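See structure below.
The values are calculated or read from the model by the stated rules, or taken from the named source; none is laboratory data. These figures come from a predicted structure and were not determined experimentally. Positions of Cβ are generated from backbone atoms using ideal geometry, with glycine treated the same way; all protein chains shown enter the neighbour counts.
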Amino acid sequence: MTVNKGLLSLVENTPNFSNQALENAVNTLKVGWVTKSFELDSVIASNGVLTTSQKNDLKADINNVTHLNLGRVLGDLIRHSATIIDGSIIPGDPNIVTGEQGQGSFLEILQNVQSIQGLIPELYGVPASDKARAVNDHLGTLNNIFTTTDDSSAPVFTSLLESINFIVTADLATETALETAYDNLKNFINGVVADSTDFQQTLDTFATAVATAHTNLDNAMAAEPLLTHRTNLINMREKINAQVSLENSNITGIRAYIDSLSNNLAYTSLAEDATLRQLMSKVAQNKQWQTYFEEYETNEANLNPIYTTDTDSDKSAVIDQVLADSGLPDVTDASDLIAVAAKAKRDTRIDTANYDRYTVEQQITRSCEQLGITTANRTITALSGTLLRNMNQHDRDEIARRLDLNESANTLS
């Protein structure tokens, strides 16, 4: 049910969704060489003179020490999150009939993520997180996943900032040199114009200077206490890139994934029709699908809510309740030979053909023989008691069997 309070004020305005919270968090990391690295990455991305090929070559040249090139990591992170907000992360295919370009939208992404949270538990019997499809597996970068944690460990950005500050505070000449190399390359790119001559050679020279400065700073952190923070830069960069990669994979393919889940659910709902079920069992080439359709009727017959339990500890109590609801045990007095013999006639394990020709005592004796109960040198009273216990236990075992069949039919596999 929709909450109406405040709804009118919403419909008169747009939500104006943005990745500003992420940008604010990234801004806290702009210290020392990271500030210069981020500025350089932004200049490369926005420059209108360099070709795409030149930009790609340049970014590759200066990415020789990836854990120090944090400007690119953070820039890619922000650009990635922006494509989620505007929906361009799902490029789509243009529709030649309607003219629609097919690009996704933030609303579509949100709706699909919500659908996945319900479809996966229904189809797999596990939460979406078990399939790396939880909300944060799609939208964690926008949901401040790098600034919070569910345990006592430090968030990614907190840990990253600690190492950045430690390295900058160490006042290394190599860190200062890297900042200068970044500035020199950035200023050169800003000064490039379309009719510049011989700028590629100069561009390469400045790029090489940055790569060299990366190597020198990295070498300066080869021993403790800086080594610990160097290692931390590597680990935190990997966590950021892994999250971006996961989100990109999940969202770019989200339409196909939703279609797959929805179609599978739709096919299983068609199995309720016996004729369609028979048809699908013939045309399906996958053995698991064939088995599902072929065994559907049997498994459906085994489903019964009265046999449903929450835990194994409830099983005995359920058996007792079902027996009671069924009027069982219907015979409890072994000395009532007529009642015991009558119960034997109702036992599906016993062939009672022509039993009416026998006395009650003979019926009990023959029933015992069929059930493998020893009859030699035993009184009829003893036989009646053993037979009744056997039949009452069989009633209980039959309920347990039906309970197991219900659980099996109701368990995702």
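For this structure, a couple of remarks:
- Condition met for THR83 (in the same structural domain as GLU175 (by TED's automatic domain parsing) and farther than 27 Å from HIS138 by Cα): no
- Residue match in segment 187-199 (condition: over 17 Å from VAL49 (Cα atoms), in contact (Cβ under 8 Å) with a residue 12 or more places away in the chain and under 46 Å from the mean Cα position of the chain (by Cα)): no
- Residue satisfying all of: in segment 360-413; among the β-branched types (Val, Ile, Thr) and outside any helix (DSSP H, G or I); modelled with the lowest pLDDT among these: THR411
- Checked against (1) outside any helix (DSSP H, G or I); (2) loosely packed, with under 14 Cβ neighbours inside 10 Å, ILE338 meets all criteria but (1).
- Top-ranked residue of segment 165-182 - restricted to ones that are of a type outside the set (S, T, N, Q) and touching a Leu at 6+ places or on another chain (Cβ under 6 Å), ranked as surrounded by the fewest Cβ atoms within 10 Å (Cβ to Cβ): GLU175
- ARG378 within 22 Å of GLU398 (Cβ to Cβ) and touching a Ser or Thr at 6+ places or on another chain (Cβ under 9 Å): no
- Scanning segment 150-170 for residues that are of a type in the set (Phe, Trp, Tyr) and under 32 Å from the mean Cα position of the chain (by Cα) turns up just one, PHE157.
Yes or no, residue by residue, for (1) surrounded by 17 or more Cβ atoms within 10 Å (Cβ to Cβ); (2) aromatic (Phe, Trp, Tyr); (3) part of a helix (DSSP H, G or I):
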position: THR215; (1), (2), (3): no, no, yes
position: ASN248; (1), (2), (3): no, no, yes
position: LEU261; (1), (2), (3): yes, no, yes
position: SER269; (1), (2), (3): no, no, yes
position: GLU272; (1), (2), (3): no, no, no
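- Annotation: THR268 fulfils all but one of (1) among the β-branched types (Val, Ile, Thr); (2) over 18 Å from the mean Cα position of the chain (by Cα); (3) within 30 Å of PRO91 (Cα to Cα); the unmet one is (3).
- Subset of segment 179-204 [of a type in the set (S, T, N, Q) and either touching a strand residue (DSSP E or B) at 6+ places or on another chain (Cβ under 9 Å) or part of a helix (DSSP H, G or I) (or both)]: THR180, ASN184, ASN187, ASN190, GLN200, GLN201, THR202
- Helices (runs of 4 or more DSSP H) (entirely within segment 13-74) containing at least 3 residues that are surrounded by 15 or more Cβ atoms within 10 Å (Cβ to Cβ) and within 36 Å of the chain's Cα centre (by Cα): 20-27, 33-46
- Filtered by the rule that a residue be closer than 24 Å to ASP171 by Cα and surrounded by fewer than 17 Cβ atoms within 10 Å (Cβ to Cβ), segment 188-210 gives a lone residue, THR208.
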